[in-house]
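Student: I am attaching a structure below and will ask some questions about it afterwards.
The values are calculated or read from the model by the stated rules, or taken from the named source; none is laboratory data. All values derive from a computational prediction rather than experimental measurement. Reconstructed Cβ throughout: ideal geometry from the backbone, glycine too, with neighbour counts over all protein chains shown.
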Amino acid sequence: MKQVTIRKVSDRGLDVARRLAREQDVPLNEVLRNAVEKGLGVARSNGLEIYAADSHFGPEWDQYMENDLNRIDQEMWR
């Protein structure tokens, strides 16, 4: 990996990057690198983002969520 210098980053952009670094407990360099890669469309991915959105898994899943998931097993609570 090469090292680069980016000049004339706006105060607002730097403030946002610093805030994100604090919130995520990561180095400022990591936040900036991720922002650049995302902006260029080359962000790293683990492939799991397809599961992060609202998905429709079908009527069986809906039935499970409405009925089976809410069922209390009395034996477990004794």
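Student: Take D62 and decide whether it is surrounded by 10 or more Cβ atoms within 10 Å (Cβ to Cβ) and acidic (D, E). Full working, then the answer.
Tutor: Details: surrounded by 10 or more Cβ atoms within 10 Å (Cβ to Cβ): yes; acidic (D, E): yes.
Yes: the conditions hold for D62.
Student: For region 48-77, give me each residue that is of a type outside the set (A, V, I, L, M) and modelled with pLDDT under 75.
Tutor: Here is the first cut: in region 48-77, the residues of a type outside the set (A, V, I, L, M) are 49, 51, 54-64, 66-68, 70-71, 73-75, 77.
Within region 48-77, E49, Y51, D54, S55, H56 meet the criteria.
Here's the yes/no breakdown for (1) under 19 Å from M1 (Cβ atoms); (2) part of a loop (DSSP other than H, G, I, E, B); (3) free of Cβ contacts under 8 Å to residues at least 40 places away in the same chain; (4) in contact with a His (Cβ under 8 Å, 6 or more places away or on another chain):
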site	(1), (2), (3), (4)
R12	no, no, yes, no
G39	yes, no, yes, no
V42	yes, yes, yes, no
L69	no, no, yes, no
I72	no, yes, yes, no
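Student: While we're here: Based on this model, can you work out whether V16 counts as surrounded by 11 or more Cβ atoms within 10 Å (Cβ to Cβ), out of contact with any Asp or Glu (no Cβ under 9 Å at 6 or more places or on another chain) and assigned to a loop (DSSP other than H, G, I, E, B)?
Tutor: Values: surrounded by 11 or more Cβ atoms within 10 Å (Cβ to Cβ): yes; out of contact with any Asp or Glu (no Cβ under 9 Å at 6 or more places or on another chain): yes; assigned to a loop (DSSP other than H, G, I, E, B): no.
For V16, the condition - surrounded by 11 or more Cβ atoms within 10 Å (Cβ to Cβ), out of contact with any Asp or Glu (no Cβ under 9 Å at 6 or more places or on another chain) and assigned to a loop (DSSP other than H, G, I, E, B) - is not met.
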